[in-house]
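A.B. asks: Structure below; questions to follow.
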Amino acid sequence: MAITLIIIKIKGMKFYDRKKELDLLHEINRQSLRTACFTVMVGRRRIGKTSLLLKCMEGEKFLYLFVSRKSEVLLCEQFQQEIKESLGLDIYGKVSDFRSLFEQLMIYATKTHFTLIIDEFQEFDNINSSIFSDIQDIWDRYKEQSKINFIACGSIYSMMKRIFENNKEPLFGRLTSKIILKPFSVSTLKEILYDYNPDYTPEDLLAFYLITGGVAKYVTLLMESGAITFKKMIRYAVRTDSPFLSEGRDLLISEFGREYTTYFSILQLIASGKTAQSEIDSIIGKNTGAYLTNLEKEYSLISKNKPMFSKPESRNSRWCLNDNYLMFWFRFIFPNLSMIELGKNDMLENYILKNYEQYSGRILERYFREKIAETEDITDIGNYWDKKGENEIDLIALNRFENKALIAEIKRNPHKINMAILSEKVTTIKKNLSHYAVELKGLSMLDM
């Protein structure tokens, strides 16, 4: 039943982009005709992993198993039925453990090539953590004879990283491929918005990027609801039935567990512009270094940014949230949950609109960094500020092979761009640019 619903969704909206990922998945599938392949696909929830895998499997023999939170006995009962329907393979008797099912599938693969997709793979840890050892044992015993394309798919990044990258875990070193599925590129977002609103404005595009961050599910929600302009997107995001209101909490509670309150507080501060650890520590009232490290290394939710050309040991750093939607949620939704509980959604909408221009200016800088990284031949991209947090330069893009540098000031309003001031700021880093042909540029919403 789950597969049918997903296929209907794909038909409801055109399948966009993912050409590189599809080509890679097809290549892995061809390789698995000769030798067993074990691939892990990781990506945040709603990014489109399942839709991509099912698109790739069109016309192929495959088995899709979704690991839901239920007892191992009930899960195996469900899986037995799906194995019969998808592969025509009868596993006789009532099988109560996944180990037995997986062994039957690996034996089947010694005679018949097929793809096995296990979605939300990390959930096995909540059902029976020994399943990972069972998979390792059976994989090692049968992989030489089996022709199977085994894809483990998961959305809780910290757990998937531990399962496959911790050298103390049984499945460490078993992968033949790893795919990290990222959000849609800015060019794909432009294509999608054009298909639904050919007359879109730069403000519409910025709001689309700001709210969805290129996450497939959020893109679908806005476009299929007719929220195709700036005002309609904001209104849809905060209306009483909007999935965007609870999505931030739903996404992260499963990641953080009982520690979520401290993590949420830190993320809220970063989203509000408190990006230095010293600022965060003073507000929270304790050293948050370990939490920040976890958010970066374990959860991949934040990044530590340093000024371009700074030394590796430099402590002049700022933290930023990587995910646009979570940035929006922690800036506007999470601090105002009480307003939502009181049914003051219109009040929240007005609050967002009042603060939108300043907030979206920061997101516009991120938009142009992504756009230039996608469309230009560059080796490095970032920004710059001095030790006092002054002389800020919004964008520096380098091509170290051709000794070219693009330096830009970014403003929503093109009339607020001052090239003379930008040129003056560049003199503070001129020694770092001595070997580069430097191009100065002003970028505004007109250049999106």
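The values are calculated or read from the model by the stated rules, or taken from the named source; none is laboratory data. These figures come from a predicted structure and were not determined experimentally. Neighbour counts are summed over all protein chains in view; Cβ atoms, including those assigned to glycine, are modelled from backbone coordinates with ideal geometry. Note: accessible area is taken over every heavy atom of the protein model, side chains too, but ligands, DNA and RNA are not part of it. Shrake-Rupley method; radii C 1.70, N 1.55, O 1.52, S 1.80 Å.
A.B. asks: Pull out a ≥ b ≥ c, the square roots of the eigenvalues of the alpha-carbon gyration tensor of segment 161-305, then state rounded if a/c is under 1.5, prolate if not and a/b is larger than b/c, and oblate in the remaining case.
C.D. replies: Since a/c reaches 1.5 but b/c is at least a/b, the shape of segment 161-305 is classed as oblate.
A.B. asks: In segment 1-129, carbon and sulfur make up what percent of the accessible area (probe 1.4 Å)?
C.D. replies: 52 percent
A.B. asks: On to the next question. Of Ser130, Ser360, Ser300, which has the largest mean-square fluctuation in a 10 Å C-alpha GNM of the chain?
C.D. replies: Ser130
A.B. asks: Mind jotting down a quarter of the surface of the convex hull over the alpha carbons of segment 120-237, in square nanometres, one decimal?
C.D. replies: Averaged projected area of segment 120-237's Cα convex hull equals 10.0 nm².
A.B. asks: Is segment 17-131 rounded, prolate or oblate when judged by the Cα gyration tensor, a ≥ b ≥ c being the square roots of its eigenvalues, rounded requiring a/c under 1.5 and prolate requiring a/b larger than b/c?
C.D. replies: The shape class here is oblate.
A.B. asks: In whole Å, what are the extents of segment 51-107 along the principal axes defined by its C-alpha atoms, from largest to smallest?
C.D. replies: Cα extents, longest axis first: 31, 25, 17 Å.
A.B. asks: Please compute the contact order of the chain in relative form: average sequence separation of alpha-carbon pairs under 8 Å and at least six residues apart, divided by the residue count, as a percent.
C.D. replies: Relative CO of the chain lands at 12 percent.
A.B. asks: What accessible area per residue comes out for segment 61-189, rounded to a whole number of Å², with a 1.4 Å probe?
C.D. replies: Per residue, segment 61-189 has 43 Å² of solvent-accessible surface.
A.B. asks: Express the carbon and sulfur contribution to the solvent-accessible surface of segment 197-264 as a percent, rounded to the nearest whole number, probe 1.4 angstrom.
C.D. replies: Here it works out to 50 percent.
A.B. asks: Give me Rg/Rg_expected for segment 359-417, where Rg uses Cα atoms only and Rg_expected = 2.2 N^0.38 Å with N residues.
C.D. replies: Normalised Cα radius of gyration, segment 359-417: 1.17.
A.B. asks: Moving on to the next point. Here are some pairs, Lys231/Lys344; Lys20/Lys441; Lys20/Lys70; which of them have Cα atoms lying more than 28 Å apart in this structure?
C.D. replies: Going by Cα-Cα distance, Lys20/Lys441; Lys20/Lys70 fall outside the 28 Å limit.
A.B. asks: Hey, got the dipole for segment 217-296? About the Cα centre, +1 on K and R Cβ, -1 on D and E Cβ, debye to the nearest 20?
C.D. replies: Taking the Cα centre of segment 217-296 as origin, the dipole is about 360 debye.
A.B. asks: In the structure shown, do any of Lys168/Lys297; Lys311/Lys431; Lys311/Lys430 have a Cα-Cα gap over 21 Å, and if so which?
C.D. replies: Checking Cα-Cα distances, every pair stays at or under 21 Å.
A.B. asks: Okay, helix-only estimate at 222 nm for the chain: each DSSP H run of n ≥ 4 adds -39500 (n - 2.57), divide by all residues, round to 500 deg cm²/dmol; what do you get?
C.D. replies: -14000 deg cm²/dmol
A.B. asks: Calculate the spin-label point distance for Asp250 paired with Asp281, positioning each point 7 Å from the Cα along the beta-carbon direction, and give it in nanometres.
C.D. replies: According to this spin-label approximation, the distance is 3.8 nm.
A.B. asks: Quick one: length gained pulling Ile421 to Thr110 fully straight, 0.36 nm per residue minus the C-alpha distance?
C.D. replies: 105.1 nm
A.B. asks: Restricting to the chain, what percent of DSSP beta bridges are antiparallel, rounded to 5?
C.D. replies: Percent antiparallel among DSSP bridges in the chain is about 30.
A.B. asks: Using a 10 Å cut-off on Cβ atoms, rank the peptides 77-86, 49-58 from the highest mean neighbour count down.
C.D. replies: So the order, starting with the most tightly packed, is 49-58, 77-86.
A.B. asks: Right, here's the next one. Given a 1.4 Å probe, how much area per residue of segment 391-448 is accessible, in Å²?
C.D. replies: 58 Å²
A.B. asks: OK, next. Distance between the C-alpha centers of segment 393-435 and segment 270-316? Whole Å please.
C.D. replies: When both Cα centres are located, 25 Å separates them.
A.B. asks: For Gln78 and His26 in the same chain, what is the full-extension length gain: residue separation times 0.36 nm, less their Cα-Cα distance, in nm?
C.D. replies: 15.9 nm
A.B. asks: I've got another one for you. Pairs of Cα atoms under 8 Å, at least six residues apart: use those to get the relative contact order of segment 138-294, whole percent.
C.D. replies: 13 percent.
A.B. asks: Restricting to segment 357-448, compute how many DSSP beta bridges are antiparallel as a %, nearest 5.
C.D. replies: Roughly 55 percent of the beta bridges in segment 357-448 run antiparallel, per DSSP.
A.B. asks: Compute the separation of the alpha-carbon centres of segment 226-244 and segment 98-150 and state it in Å as a whole number.
C.D. replies: Their Cα centres are 42 Å away from one another.
A.B. asks: Let me ask something else about it. Only loop residues by DSSP count here, and only those with at most 14 other Cβ atoms within 10 Å; note down the GluC sites (Glu not before Pro) in segment 286-361 that meet that.
C.D. replies: For GluC sites (Glu not before Pro) across segment 286-361 that sit outside H, G, I, E and B with at most 14 neighbouring Cβ atoms in 10 Å, the list reads Glu313.
A.B. asks: Shifting gears a bit: If you split all Cα-Cα distances of segment 305-412 into 10 Å bins from zero, what percentages do you get per bin, shortest first?
C.D. replies: Bin by bin from 0 Å, the calculated values are 12, 35, 30, 15, 7, 1.
A.B. asks: With +1 on the Cβ of every Lys and Arg and -1 on the Cβ of every Asp and Glu, and nothing else charged, how large is the dipole of the chain about its Cα centre, in debye rounded to the nearest 20?
C.D. replies: 600 debye
A.B. asks: Now for a separate question. Beyond 18 Å between alpha-carbons counts as too far, so tell me which of Lys14/Lys61; Lys274/Lys304; Lys232/Lys354; Lys61/Lys147; Lys49/Lys84 fall in that bin.
C.D. replies: Over 18 Å Cα-Cα: Lys14/Lys61; Lys49/Lys84.
A.B. asks: For Arg141, tell me the accessible area in Å² from a 1.4 Å probe, rounded to the nearest 10.
C.D. replies: Roll a 1.4 Å probe over it and Arg141 shows about 110 Å².
A.B. asks: Now for a separate question. Using a probe radius of 1.4 Å on heavy atoms only, what accessible surface per residue do you get for segment 269-352? Whole Å² is fine.
C.D. replies: Here the residues of segment 269-352 average 49 Å² of exposed surface.
A.B. asks: Going by accessible area, probe 1.4 Å, with all protein chains left in place, what is the ranking of Arg249, Arg412, largest first?
C.D. replies: Arg249, Arg412
A.B. asks: Full extension from Arg141 to Asn350: what is 0.36 nm times the residue separation minus their Cα-Cα distance, to one decimal in nm?
C.D. replies: Length gained between Arg141 and Asn350: 69.1 nm.
A.B. asks: A further question follows. Starting from a Cα-only point model with no solvent, please compute log10 I(q)/I(0) by Debye for the chain at q = 0.07, 0.08, 0.13 1/Å.
C.D. replies: -0.42, -0.55, -1.28
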